[in-house]
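The values are calculated or read from the model by the stated rules, or taken from the named source; none is laboratory data. Remember, predicted model here, so these are calculated numbers, not experimental data. Virtual Cβ from ideal backbone geometry, glycine too; neighbours counted across all protein chains shown. Only protein heavy atoms, including side chains, enter the accessible area calculation; ligands, DNA and RNA are left aside. Shrake-Rupley method; radii C 1.70, N 1.55, O 1.52, S 1.80 Å.
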Amino acid sequence: MENFLQDRIEPTTQTPYEVYYNPYSDDLDNVDERLTLGGVGLRKRWWRSIYSYGLYFQEKEAHKELHKWNSYELDELITNLSFYNAIMYSKFGKAVKITLARNIEASELKLAFKEALKDRIKKYQSIFSKGYNQENKRKKINNANTCFNKFINQFDEFDEFEQDTEIIILISDYKLTTIINDEKLLTLEDQSLSVAFLDVYLGTRPVSTGAKEVYAMMVALLFIPLHHLNTFSIQRKLQSRL
């Protein structure tokens, strides 16, 4: 996998994303903490760029949770809906590093997140509450709604964000933490919210299909046997999606 690890630049905004990110310290050599860059993409609304983003994953944890997929070929995995669900539903550490492409009012960013998440929250509330009795089902749905509202409303304390503001959404073990310019805000614990947020980038209607597929390829390279890999072919697949 090391042959394919590199810093990347989102081409429209020219925003750089480093190959490693450690949300807990400045030690990028700590393989137990650091996250690895997968895909890079761009979010637009009404044909205007809102933000670029990098998608990260924790290598050791991802390998542990997903190694059972090692019998598949790379081409099979990047088009396999169940594999993307396995990534989103797994508890290993993930992060979305967002860099704003322009000055933006906090209310506009709040609306962009709300529009992206509201239907997805309902979808995963239904999925993750199945099999529970009515009381526990109601508790799970209420918790998802409460966490969703808290996530959206945390942006109300801001008036405007400047271009190049960095917003990091860190997701691990169904806990979602918001970090803005290195300042930690809320940590919310809810499975539906965590998976719904990942669905924005890795689901069936992602912000960027190319970023989603590169992310899946980089995760898959953790466990696909070396004899299944053709370095030139993989480089070509990666480049075609960047």
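List of remarks:
- Against the test of being over 14 Å from Lys110 (Cβ atoms), assigned to a helix (DSSP H, G or I) and at pLDDT below 95, the options Asn143, Asn136 yield a single qualifying residue, Asn136.
- Residue match in region 120-137 (condition: basic (Lys, Arg) and more than 30 Å from Ala62 (Cβ to Cβ)): yes
- For His67: the one exception among (1) surrounded by 12 or more Cβ atoms within 10 Å (Cβ to Cβ); (2) out of contact with any Gly (no Cβ under 6 Å at 6 or more places or on another chain); (3) in contact (Cβ under 8 Å) with a residue 24 or more places away in the chain: (1)
- The one condition from (1) touching a Phe, Trp or Tyr at 6+ places or on another chain (Cβ under 6 Å); (2) modelled with pLDDT of 95 or more; (3) open to solvent by 40 Å² or more (accessible area, probe 1.4 Å) that Leu28 does not meet is (2).
- Of Glu213, Glu189, Glu183, all but one fail to be within 23 Å of Tyr17 (Cβ to Cβ), in contact (Cβ under 8 Å) with a residue 40 or more places away in the chain and open to solvent by 30 Å² or more (accessible area, probe 1.4 Å); the exception is Glu213.
- Condition broken by Gln163, with the remaining ones in (1) surrounded by fewer than 14 Cβ atoms within 10 Å (Cβ to Cβ); (2) more than 21 Å from Gly41 (Cβ to Cβ); (3) among the polar types (S, T, N, Q) satisfied: (2)
- Number of residues in region 41-56 that are at pLDDT 95 or above and surrounded by fewer than 19 Cβ atoms within 10 Å (Cβ to Cβ) equals 0.
- Condition check for Ile168: touching a Pro at 6+ places or on another chain (Cβ under 8 Å), within 24 Å of Glu105 (Cβ to Cβ) and either open to solvent by less than 70 Å² (accessible area, probe 1.4 Å) or in contact (Cβ under 8 Å) with a residue 24 or more places away in the chain (or both): yes
- All conditions in (1) within 20 Å of Asn85 (Cβ to Cβ); (2) among the polar types (S, T, N, Q); (3) more than 21 Å from the chain's Cα centre (by Cα) hold for Gln125, with the sole exception of (3).
- Of all positions in region 123-136, none carries a residue that is open to solvent by less than 10 Å² (accessible area, probe 1.4 Å) and either among the hydrophobic types (A, V, I, L, M, F, W, C) or closer than 17 Å to Ser49 by Cβ (or both).
- Single residue of region 137-155 satisfying the filter (among the basic types (Lys, Arg) and touching a residue at least 12 places away in the same chain (Cβ under 8 Å)) that is least open to solvent (accessible area, probe 1.4 Å): Lys140
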